[in-house]
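Notes follow once the structure below has been shown.
The values are calculated or read from the model by the stated rules, or taken from the named source; none is laboratory data. Given the structure is predicted, the values throughout are model-derived calculations rather than measurements. Note that we place each Cβ from the backbone using ideal geometry, even for glycine, and neighbour counts take in every protein chain shown.
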Amino acid sequence: MTKDQAIRIVSRQTPCAHENADTRLGNGQIWAKCDDCGATFEQAHWDDARQAAKQFQIAIDVLSGVEPTSGSKTTVKIEDLRGMSVSELSQLIQQ
């Protein structure tokens, strides 16, 4: 398996940001169901899902050797990544 093949496989596992969700479940204040992936989740964790999806996409972009997806706060050039340790890359992804 090549690096590109591995990245393609992993990128299919992007967490859903639940952008299109029905909040009418129960009393409409606690639970929601995502129209995109079908998951039922607590609305209190909605921001966590969005952040996880964003960080995952930035990580895939970094590993793929491309500029992070537009809309991310972090802009990284490939030249800047060369020589970085795993912990440095991890910190960069967390930004």
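Residue by residue through region 13-39, note down the ones that are among the charged types (D, E, K, R), surrounded by fewer than 14 Cβ atoms within 10 Å (Cβ to Cβ) and in contact with a strand residue (DSSP E or B) (Cβ under 7 Å, 6 or more places away or on another chain).
Correct list: 22, 35.
Taking only pairs six or more apart or across chains, which ones have beta-carbon atoms under 8 Å, a first residue in region 14-32 that is touching a residue at least 12 places away in the same chain (Cβ under 8 Å), and a second residue that is of a type in the set (A, V, I, L, M, F, W, C) and surrounded by fewer than 12 Cβ atoms within 10 Å (Cβ to Cβ)?
Filtered contacts from region 14-32: 30/44.
Yes or no, residue by residue, for (1) modelled with pLDDT under 75; (2) in a helix (DSSP H, G or I); (3) over 14 Å from the mean Cα position of the chain (by Cα):
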{"site": "9", "(1), (2), (3)": "no, yes, yes"}
{"site": "17", "(1), (2), (3)": "no, no, no"}
{"site": "29", "(1), (2), (3)": "no, no, yes"}
{"site": "33", "(1), (2), (3)": "no, no, yes"}
{"site": "48", "(1), (2), (3)": "no, yes, no"}
{"site": "51", "(1), (2), (3)": "no, yes, no"}
{"site": "62", "(1), (2), (3)": "no, yes, no"}
{"site": "79", "(1), (2), (3)": "yes, yes, yes"}
{"site": "87", "(1), (2), (3)": "yes, yes, yes"}
